[in-house]
1. Quick one: what Rg and Dmax do you get for region 81-230 from the alpha carbons, in Å?
2. Per Stokes-Einstein, at 25 °C and 0.890 mPa s, what whole-number D in µm² s⁻¹ belongs to region 194-237, with the Kirkwood radius over Cα pairs as the hydrodynamic radius?
3. Stick to Cα atoms and the Kirkwood definition of Rh, then tell me Rg/Rh for region 186-269.
4. Please compute the modelled spin-label separation between residue 101 and residue 236, points set 7 Å along Cα→Cβ, answer in nm with one decimal.
5. Over the Cα atoms of the chain, Rg to Rh with Kirkwood Rh, two decimal places?
6. Quick check on the chain: helices-only [θ] at 222 nm, where DSSP H runs of length 4 and up contribute -39,500 (n - 2.57) each and the sum goes over total residues. Nearest 500, please.
7. Full extension from residue 115 to residue 91: what is 0.36 nm times the residue separation minus their Cα-Cα distance, to one decimal in nm?
8. Averaging over all projection directions, find the projected area of the Cα convex hull of region 58-121 and quote it in nm² with one decimal place.
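What follows draws every value from the coordinates through simple rules; no lab data is involved. This one's a predicted model, so the numbers in the text were calculated from it and none came from an experiment. Positions of Cβ are backbone-derived with ideal geometry, glycine not excepted, and every protein chain shown enters the neighbour counts.
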């Protein structure tokens, strides 16, 4: 998807309901921003929280879905996911706000960026894989299970995104995605965007998984494929991928499946 700059959240922009909940805001920081939302880390008299704002119909729908998914996961699973403290929709401004529990730690991308210690790197990558296995083995909340096939839903959404939103995928690529669908695989609870930017670690231990807007009952191979995409200084060699799969417990993808999901379907999201 094309990247555009998002302006940091200003304190006076925060909805009154959230400011009242926070009481006095002591400090507000801005972590590495994505392009679907603004994120701020807030320290207040009530504690530390992550505040997310989305603008526009599509991005607001993603945040609404994330709030719904997290509420279900918090109620029905033991996964370490952030608690939703408050959700506010400002229809007149086409904006949505969500206040989440704050997890200590840094993203795996940041943790591995300058980490030279081989054992520490391997521990983080192993735990990254192990956590995904925990997600996939967790019974999916019934409210997230749909009768429609997940892949068919994703292809339909990819088509809509191509028409309505700015995406990296093309019409020609979408035709290939439709034509060369992989064989059906047993569906599980999936994160839907399981990347090194959405898992937090502290001292080598995983502290939580964030950004559950794409959480669903779907194809676990999609999560696995996205997880091992090469990034600067991460997963640039086969050894680190092997360590990830040791943590996960098995390798459930091949090169063809990887290409289909990472360089095919994902280009529309």
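1. My reading of the Cα-based Rg and Dmax gives 17.5, 52 Å.
2. Once the numbers are plugged in, D ends up at 208 µm²/s.
3. So for region 186-269, dividing Rg by the Kirkwood Rh gives 0.94.
4. 3.6
5. That ratio equals 0.95.
6. Computed mean residue ellipticity for the chain: -12000 deg cm²/dmol.
7. 4.2 nm
8. Its average projected convex-hull area is 6.4 nm².
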